[in-house]
Every structure is written in C-alpha cells, then in structure tokens.
1. Could you sort A:139, B:236 by accessible area so the largest value comes first, with the probe set to 1.4 Å?
2. Can you list residues whose amide H is under 5 Å from residue B:246's amide H, if they're 5+ apart or on another chain and H is modeled 1.01 Å from N?
3. Note down the relative contact order for segment B:73-182 as a percent, whole number, built from C-alpha pairs under 8 angstrom at least six residues apart.
4. If you project the alpha carbons of segment B:102-148 onto their three principal axes, what span does each projection cover, largest first, in Å?
5. For a quick check of understanding: with a 1.4 angstrom probe and all protein chains in place, what accessible area in square angstrom does residue A:85 have, to the nearest ten?
6. Could you sort the residues of segment A:1-16 by number and keep only those whose accessible area is reduced by 30 Å² or more in the all-protein-chain setting relative to the chain alone, 1.4 Å probe?
7. Please list, or write none, the lysines whose alpha carbon is within less than 19 Å of the alpha carbon of residue A:307, excluding same-chain residues fewer than 8 places away.
8. FRET efficiency for residue B:121 and residue B:198, Cβ-Cβ distance as r, R0 = 45 Å, nearest 0.05?
Amino acid sequence: MLPNESLVNFFFPNEAEIHWSLMIVIYPYITGLVAGAFVVSSLYHVFQIRAFENIARFALVAAFSFGLFAAVPLLFHLGQPFRALNIFFTPHTTSAMSVFGYVYSSYMILLMIELWLVYREYFIQKAQETQGIPGRVWKILTLGVMDYTPESARVDHKLTTFLAAIGIPWACFLHGYVGFIFGSVKANAWWATPLQPIIFLMSAIVSGIAMLMLMYAFIRWRTRQAYDFPMIQKLMGFLWGFFIIDFFLEGLEIVYVAYEHGHHWSVIGPLLSGPLYDTFVIGQVLVLSVVPFLTLGYITIFKPWGKGLLYLANLASLLLVLQVLFMRFNVVVGGQLISKSDRGFTEFHFEFLAREGVVPAVIILSAPFVVFYIISRLIPVLGDAPDTE
Amino acid sequence: MTTQTPNARRVFLQRLLAGSAAAGVFMVYRQPVMAALKGANETTQAAGHDYAFVVDISRCIGCGQCVRACSIENEVPEGQYRTWIERYVVTPDGVHVDSPQGGMHGFDEVDEALASEAINSFFVPKLCNHCAEAPCIQVCPVGATFRSPEGFVLVDPEHCIGCSYCVQACPYGVRFINREKHIADKCTWCYHRVSQGKLPACVTVCPTQARMFGDLNDPDSQVARVLQEDNWDVLKPEAHTASMCLYLGLPRVVV
C-alpha cells in the first residue's frame with residue numbers, strides 16, 4: 001500500500017541512496033551495551049543490590065570493552081574520517097551530535113577511573129609479585145599509588161560509589177543523546193517523537209543486561225564454574241522490568257501515531273504494513289518481544305531453578321539482544337525508507353565487504369568480546385583470579 | 001608520596017578545575033560570542049542583499065534544461081542532483097509522480113491509461129530552499145554548513161566531516177553526500193555566479209522563465225514583486241523552515 005494516494009512508488013532522486021546504514025545501526029547498539037552494563041554495575045555500587053556484588057566488576061569490564069569500540073562505526077561511516085576531530089575543535093552546539101566527542105571521552109575517562117579504583121588493590125599485589133617488564137606494566141597501572149590501607153580502601157569505596165552514581169545520568173546522557181539525534185528530526189516521520197531518547201535508553205539497558213547474562217552463562221559454562229542462580233533470578237527480574245518499560249514505550253509511540261491519524265501515520269502505516277512488516281511486526285515485535293516477555297514473566301513469577309532457569313534466561317537474553325539490534329535497524333534504516341515526498345519508499349540493500357557492509361559490522365561487534373577475553377586472562381573479572389585456562 | 005603541602009595541592013586542583021570550567025564555557029559559547037562581537041546579521045543584511053528564488057509552476061514545461069545546466073555548471077556526479085523536476089499527473093484515484101533521472105532528459109509521454117484518467121498535470125522544479133531557519137544548519141555537528149548574510153545556505157567543503165546529519169534533517173530531500181568529494185552537497189544558488197553579477201545556471205537556461213532569482217531588497221526585482229503580491233506558497237509550510245523558495249501556482253498535492 002502506497003502512502004497519500006500515490007499511484008506509483010515515488011521518492012526524491014537523491015533518496016535512492018540510504019545514508020545512515022549498518023554503521024549507524026551498530027553505533028547506538030554498542031553505546032547501548034555500555035550504558036546497560038554500567039547500570040548493572042551501579043545497581044550494586046549505588047543501590048547496594050547484594051545479588052549483583054559478584055558481577056559488578058564483570059559488568060564494568062564489559063562496559064569498558066564495549067566502550068572502546070563505540071566510536072569505530074562512526075569513523076567507518078564518516079565521509080571525511082580524518083576530519084573527525086573537528087567535532088572536538090568546533091562543536092556546533094545547536095546540534096545534538098556535537099556533544100558526542102565530549103560525552104563519549106568523558107564517559108570513558110569516568111569508566112577508566114572507576115575500573116582503576118576497583119582493581120587497584122590487584123594491581124598493587126601484582127606489581128609487588130612480578131618482575132621485569134610485566135612487573136613494570138603492573139607498576140604503571142598502579143599509577144604510583146602503592147599503598148592499600150583500610151583508610152585508603154574507605155576512600156576508594158566512597159569515590160567508587162560517587163562515580164557510579166554520577167555515571168548513571170552520564171550513561172543516560174551518552175545514550176539518551178543518540179535518541180535525541182533521531183527524535184528531533186522533524187523531517188523524518190518515523191524518528192520524530194519526544195519519546196525517542198527514553199525509548200533508546202530503556203532498550204539500551206535491556207541490551208546491556210541481556211548481553212551480560214549471555215556472557216556470564218558462556219564464561220561459567222566454558223570455565224566449568226558454578227552458576228549464581230539467585231543472581232540470575234534477580235538479573236532476569238530487572239531485565240523484565242526494564243523490558244516492560246521499553247516495550248510499553250515503543251508500543252505507546254505507535255499507538256499514539258496511529259490514533260492521531262495525521263501526517264505521520266499517513267507514511268508510517270504503509271511503512272509498517274509494507275517494507276518494514278517482516279523486520280518490525282514479525283521480527284522485532286512478535287518473535288523478539290512477545291516471546292522474551294512471556295519467558296521473563298514466567299521466570300520472575302514461577303521462579304524456576306537450575307538448568308531450567310539457565311535455559312530460559314539464556315533464551316530470553318538471546319532474543320532480547322537481537323530485539324534491540326532489530327529495533328536499531330528498524331529505526332535507523334526504517335526511517336530512511338520513507339520518502340520525504342510522502343509518496344513512496346526507497347530500498348535498503350545489504351552490502352557485504354563495503355565500508356558499511358555486514359562483514360565490517362560483524363568484525364566491529366565481535367571486537368569488544370575479544371578485548372574482554374584478553375582482559376579476563378589478565379585480571380580477575382568473575383571470581384578471584386584471572387581465567388588462565 | 002608528594003612533598004607538597006596539602007594546601008598547595010588543593011590550590012592546584014582548584015585552579016585546574018576553574019581553568020577546565022572556563023575552557024569548557026569558552027568552547028561552548030565561542031561561536032555566539034564571536035558572532036555578537038562581529039555585529040548582528042540583520043545589519044549586514046539590511047546593507048546588502050537578501051536573495052530569494054521564485055518558481056512559477058504554470059510556466060514549467062519539464063524540458064530538463066535546468067537540470068542539465070546545473071549538472072554541468074556545478075560538476076554534479078551522475079545520479080545525484082542539486083536540482084530536479086517532478087511530473088505530477090492527478091487523477092480522481094490518486095496522484096502519479098515521477099522524475100526519471102531528475103527530469104534531466106525530459107519526460108516520456110504518459111501512458112494512455114493514465115492520460116485518460118488525468119484531470120490535471122504539471123511539472124514542479126525542486127531545489128534547495130535556502131531556508132532562513134534551516135534545520136540542516138541546526139543539526140550540523142561541526143558548523144560546516146551556514147547561512148551567509150545574503151541568504152545563501154552553503155557548505156564549507158574544508159570543514160564538513162560527511163556525517164550526513166544535514167541530509168537527514170532536510171525536509172525537502174535536496175541534500176546528498178557527493179559521491180566524489182565525500183562531503184555534503186546541494187544547490188548553492190550558483191553562489192560563484194551570483195557573486196560575479198550573473199544568475200544561477202538553471203535560471204539562465206530556463207526557456208520559459210519558470211525560474212526566477214533576485215534580491216528582495218531591490219524593489220524592481222521580480223522576486224520582490226512576487227513577495228509583495230503575496231500569492232506565493234512554500235513547500236511543507238508546516239515544517240516552519242522559512243523557505244526562501246517561493247512557488248507560484250503551487251497545487252495542493254505537491255509535497
């Protein structure tokens with residue numbers, strides 16, 4: 001069905017090419033994982049949720065690993081990547097995008113300080129134990145602070161709590177501004193809604209929690225360690241709660257637009273029943289939202305245990321990491337499918353080896369896990385010693 | 001352990017914080033402060049020109065000369081368009097819009113079935129509206145796109161990072177990322193010609209004077225007369241972009 005009584009599919013000549021492709025799909029996905037993982041860490045450090053004590057460090061390291069690669073998709077996307085630093089030198093402050101450089105770099109600094117505070121006791125211990133070049137590396141990591149007294153530990157704790165506390169609104173800013181970038185574009189009917197920043201933020205937290213669950217289950221399985229079922233139960237509870245909010249907001253936006261039955265619906269209705277039917281209605285909503293919603297509800301209400309809990313938690317988490325990826329795709333690419341002529345849709349084609357192709361996207365999405373693996377072999381992430389197997 | 005006194009450390013940290021805060025404030029407010037120091041745009045505008053473009057729908061015959069001339073004059077890459085022509089065929093059942101290659105080589109005849117249903121048909125030239133409240137300028141993260149005091153919305157080719165945010169923000173679809181230069185590109189109202197006292201290429205070659213360009217501050221110009229007669233429309237008025245491309249005889253179905 002074509003929008004606005006159009007007899008043939010028409011789009012403006014310059015709309016044949018979609019400008020924000022896979023790189024702009026995975027960029028908010030990665031920053032979302034950063035924000036989500038950090039929130040889990042803060043649930044322990046700030047809100048003292050005891051069940052997450054053993055995964056707080058793990059969540060921080062995961063957030064850091066994802067954060068290292070957050071800017072990479074953008075560098076791949078820019079027409080002039082060598083001018084990327086212009087965003088630092090001449091930020092045009094009416095643009096939401098102009099804050100990226102500052103928010104991202106300050107957030108990574110915050111993460112690194114927090115990681116240092118959490119791990120410095122281990123750094124000191126290793127610096128005292130090891131010799132030669134590795135010993136010097138550990139010494140550098142201690143930043144010259146070699147004492148670890150109960151007094152200094154208390155100061156560490158206060159600082160960690162403080163940083164974790166300001167880290168929450170900062171993570172919200174890091175990801176919320178991305179939602180604002182889309183939500184403030186009046187020219188795009190699918191993007192333009194004031195709900196966009198909060199929708200992006202809630203789905204970011206969902207993706208972060210779900211990804212941590214998958215990583216935790218995989219690591220415990222590979223290292224043949226015991227699963228912390230009370231922690232998993234609590235984590236799934238939070239995942240369900242955040243997902244309820246996320247799903248509700250995404251649905252609310254559509255219900256509103258449909259009910260308003262105005263200009264936006266004249267193009268969004270045909271979009272959702274047409275080009276976006278498979279990836280949105282079937283993919284994002286029916287398969288990847290309804291199923292994990294019910295699964296997580298079952299976990300939270302009936303409290304399964306052992307293998308049952310593990311399988312259900314992994315199923316829900318896997319579906320949700322995909323749901324958020326589909327959501328990013330449907331928003332970023334879906335919005336650009338709508339022609340600004342209001343009289344048709346353009347097409348999206350996956351490329352494979354091109355600059356914004358599937359292969360580079362997969363490589364960039366995989367890189368944080370490689371870095372996480374390397375880090376986990378050097379410092380204790382889950383448990384008291386690094387994984388040396 | 002440091003040998004500095006706690007007081008010296010505290011003073012150092014305070015100065016560091018104050019200096020960083022000052023630098024931050026300066027970075028954020030540098031542009032508006034410098035603009036204010038240079039004097040408001042309004043005064044330079046009053047002293048100089050205030051350009052506008054007029055398109056008369058009733059005169060356009062869809063020959064495509066304008067698209068060809070623009071493409072040659074501005075070295076526009078093939079398949080990308082700084083201007084284009086749309087053909088509308090209105091029937092009781094709906095509207096048929098097409099723009100084969102931007103109308104660069106004119107249009108083939110409409111097929112008989114459609115022609116027999118048609119109640120109205122016309123051509124609509126499209127180009128950058130050089131909006132006075134351009135959303136593309138608002139969203140540029142590095143300030144590469146800007147509006148000159150005379151009303152040209154331009155892109156600084158040395159500064160643009162090619163992020164495409166301006167392409168997304170333009171309600172009229174007139175922007176694109178130049179395939180050869182990898183920066184944002186669009187109609188410039190042929191700034192390089194106007195600054196030499198000539199007219200834009202498309203205006204120069206139009207055989208029917210469907211396109212007009214002039215200075216609103218010149219009471220004898222066509223555009224000033226059109227503005228004053230107040231019989232004009234703009235595209236997507238609900239977008240509140242203060243478009244400076246005025247259309248005469250714009251049918252309701254045109255978006």
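The values are calculated or read from the model by the stated rules, or taken from the named source; none is laboratory data. Predicted model only: the values in this text are computed from it and were never measured. Cβ placement follows ideal geometry from the backbone for every residue including glycine, while neighbour counts extend to all protein chains displayed. Accessible surface is based on the protein model in full, side chains and every heavy atom, while ligands, DNA and RNA are left aside. Shrake-Rupley method; radii C 1.70, N 1.55, O 1.52, S 1.80 Å.
1. Descending accessible area places them as A:139, B:236.
2. Here B:53, B:54, B:55 satisfy the definition.
3. Relative contact order for segment B:73-182 comes out at 25 percent.
4. 51, 23, 18
5. Residue A:85 exposes around 100 Å² with every protein chain in place.
6. Output list: A:5, A:7, A:8, A:10, A:12, A:13, A:14.
7. Once the sequence-local lysines are set aside, what remains near residue A:307 is A:234.
8. For residue B:121 and residue B:198, the calculated efficiency is 0.85.
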